[in-house]
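Since the structure comes first, as structure tokens, the remarks are kept for the end.
The values are calculated or read from the model by the stated rules, or taken from the named source; none is laboratory data. Note that the structure is a prediction, hence the values are computed from the model and not measured. Note that each Cβ is placed from the backbone with ideal geometry, even for glycine, and that neighbours are counted across all protein chains shown.
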Amino acid sequence: MKNHFFSRPLIAIASLMLLTVSCNNDDDFTAPPAIKGEQQLKDTLTIGKTLQLSSKIADRNNVIFEWAVDGNVVGSDSTYTFKPETRGDFKITMTAKNNGGKVSLTYDIHTFGAYENGFYMINEGWFGHGTGTVGFYRYDTKAIEDSVFVKVNPDKNLKPESSTLEFGTIFNKKLFLVSKVGGPVVVADAYSLKEEKRIPAQGGNDWRAVVGIDENQALLTSSKGIFKLNLNTMTLNGQIEGITGQVGDIVKANGYIFALSSSKGVIVINASTLVVEKTIPSMVLGFAVTDDKKVWAAGGKKLISIDSNTLEVKEIAIGFQAYGSWGAWHPGSIVAAKNNVFIAKNGSFSGGKEIYKYNGDEASLVKPFVALAQSNILYGAGIGYDRKKNSLVVNTVNEGFGTNFAINNLYLFNADSGVRKETVSFSGYYFPAVSVFHQ
């Protein structure tokens, strides 16, 4: 890996800690080591990569070097190659000594997990031709890595091929992957992608989405209501009473869980008692949770906010018809960005070309924030928000049928200005479902 310590703009002048000696004879004086020039004191790298560090000592004659990582001595050469085995923060200290004194410099280095410095792309897969896949967009390379789940877990799969991988989320440092139509529910480490647990694939399974309640339990939506999931054993422990039929998106805010039902609209569940406390009919699209803990959904030609403390509902006219995806379910095309809400103007299934941003002023909904050009259309959820980069993440295929579905674009827009920052074009029948971000 290239040593970025001397090429990046974040730099600091090394402070020199000098120990001087008094001598009766000036000829006996030995100057302490001195670091010349400027050195960067912070950097990052990803597990599996290496970083070579070298000192900039003006005169190395009769100089003794010592390198320490978090206080543990690891080397005595003038250079040191750092290859971390775990993610986290490290302090690497270089000390140079001679008869005249010593100088020290500490590098602060953050090591990312193998799949931390970027975001996941969950793809439903080409129904009947192969399973869904997990891709990863990496910030430093600005490229998408394909099928990373099976590469990390060569003895695992997401079969059957008749299933579709439709949902993903990160909860408690775990990545949850949820399949429809007989597929599995998989739990992997969110940073390494190593599989830890699963609900095996089985005929009759028809999962939709999952939300964590606490470190021990979660709720799993399906075509047949909402199931209670023990996260320690990955076993089901009954269902939420009174909820039947298809339930899709589900989120938690404050002391409540909000689920979207094809027949009842928004269902509000007490997170402690798991008892239904309220329903909000006619809602077909959800959910976004803004920083002020309001939960957002849409139905008809209105966007609603639900105060997750009081459950008070407010309506905002959006000027176009909001559509869900109950016919062939995928996660909702709505997402929060701080205290703003992005919502796609989709067709009856998907395929929208316009994305609107509501910033608290209805005037912001008069025209689209982003309008896709040429033949691009949204697919799956189509939109996501990357808080780390303040990016609106957009997935498209080409409109039409057949080979058009193999023409993919990933667009990254500045979530404040709408200026497009990056475009990654790629080919293949991936059928993107949803993007999943580290928080």
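Values as computed for the structure displayed
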quantity	calculated
Test: ILE377 is of a type in the set (A, V, I, L, M), in contact with a Gly (Cβ under 9 Å, 6 or more places away or on another chain) and not in a loop (DSSP other than H, G, I, E, B)	yes
Entirely in the stretch 167-261, the strands (runs of 3 or more DSSP E) that have 1 or more residues that are of a type in the set (Lys, Arg) and modelled with pLDDT of 95 or more	174-180, 195-199, 207-212, 225-230, 247-253
Scan of the stretch 135-157 for residues that are out of contact with any Leu (no Cβ under 7 Å at 6 or more places or on another chain) and hydrophobic (A, V, I, L, M, F, W, C), ordered by number	PHE136, ALA143, VAL150
Test: residue in the stretch 213-229 that is surrounded by 14 or more Cβ atoms within 10 Å (Cβ to Cβ), under 29 Å from the mean Cα position of the chain (by Cα), over 30 Å from GLU362 (Cα atoms) and among the basic types (Lys, Arg)	yes
Top-ranked residue of the stretch 324-341 - restricted to ones that are at pLDDT 95 or above and closer than 17 Å to LYS301 by Cβ, ranked as surrounded by the most Cβ atoms within 10 Å (Cβ to Cβ)	GLY332
Candidates SER435, SER427, filtered to the one that is loosely packed, with under 15 Cβ neighbours inside 10 Å and of a type in the set (Gly, Ala, Ser)	SER427
So VAL103, is it more than 38 Å from the chain's Cα centre (by Cα), surrounded by 15 or more Cβ atoms within 10 Å (Cβ to Cβ), more than 30 Å from GLU161 (Cα to Cα) and of a type outside the set (Asp, Glu)	yes
Tally, over the stretch 46-65, of residues that are of a type in the set (S, T, N, Q) and in a loop (DSSP other than H, G, I, E, B)	4
Residue within the stretch 239-257 that is out of contact with any helix residue (DSSP H, G or I) (no Cβ under 7 Å at 6 or more places or on another chain), under 18 Å from GLU196 (Cα atoms) and either buried (at least 20 other Cβ atoms within 10 Å of the Cβ) or not charged (D, E, K, R) (or both) present	no
When residues of the stretch 141-153 are limited to those that are in contact (Cβ under 8 Å) with a residue 24 or more places away in the chain and over 14 Å from ASN408 (Cα atoms), the one surrounded by the fewest Cβ atoms within 10 Å (Cβ to Cβ)	LYS142
Test for GLY204: is it out of contact with any Pro (no Cβ under 7 Å at 6 or more places or on another chain) and surrounded by fewer than 20 Cβ atoms within 10 Å (Cβ to Cβ)	yes
Given (1) assigned to a strand (DSSP E or B); (2) touching a Leu at 6+ places or on another chain (Cβ under 7 Å), number of the condition GLY332 does not satisfy	(1)
Pair list, Cβ < 8 Å and 6+ apart or interchain, from the stretch 403-430 residues that are under 17 Å from LEU378 (Cβ atoms) to residues that are among the polar types (S, T, N, Q) and not in a strand (DSSP E or B)	ASN404/SER375; ALA415/ASN390
Criterion violated by GLU161 - all others in (1) surrounded by 21 or more Cβ atoms within 10 Å (Cβ to Cβ); (2) part of a loop (DSSP other than H, G, I, E, B); (3) over 14 Å from the mean Cα position of the chain (by Cα) satisfied	(1)
Selection within the stretch 373-404 - of a type outside the set (S, T, N, Q), farther than 13 Å from SER333 by Cβ and at pLDDT 95 or above	ASP386, ARG387, LYS388, LYS389, VAL397
Residue in the stretch 128-137 that is in a strand (DSSP E or B), at pLDDT 90 or above and exposed (fewer than 15 other Cβ atoms within 10 Å of the Cβ) present	no
Scope the stretch 298-320; condition in a loop (DSSP other than H, G, I, E, B) and in contact (Cβ under 8 Å) with a residue 12 or more places away in the chain; matching residues	SER308, ASN309, LEU311
From LYS173, LYS156, LYS197, residue being out of contact with any strand residue (DSSP E or B) (no Cβ under 6 Å at 6 or more places or on another chain) and surrounded by fewer than 16 Cβ atoms within 10 Å (Cβ to Cβ)	LYS173
Single unsatisfied condition, ALA298 versus (1) over 27 Å from PRO432 (Cβ atoms); (2) over 20 Å from the mean Cα position of the chain (by Cα)	(1)
Some residue of the stretch 374-394 being exposed (fewer than 15 other Cβ atoms within 10 Å of the Cβ) and closer than 16 Å to SER427 by Cβ	yes
Scan of the stretch 66-75 for residues that are in contact (Cβ under 8 Å) with a residue 12 or more places away in the chain, of a type outside the set (Val, Ile, Thr), under 23 Å from LYS49 (Cβ atoms) and outside any loop (DSSP other than H, G, I, E, B), ordered by number	TRP67, ALA68
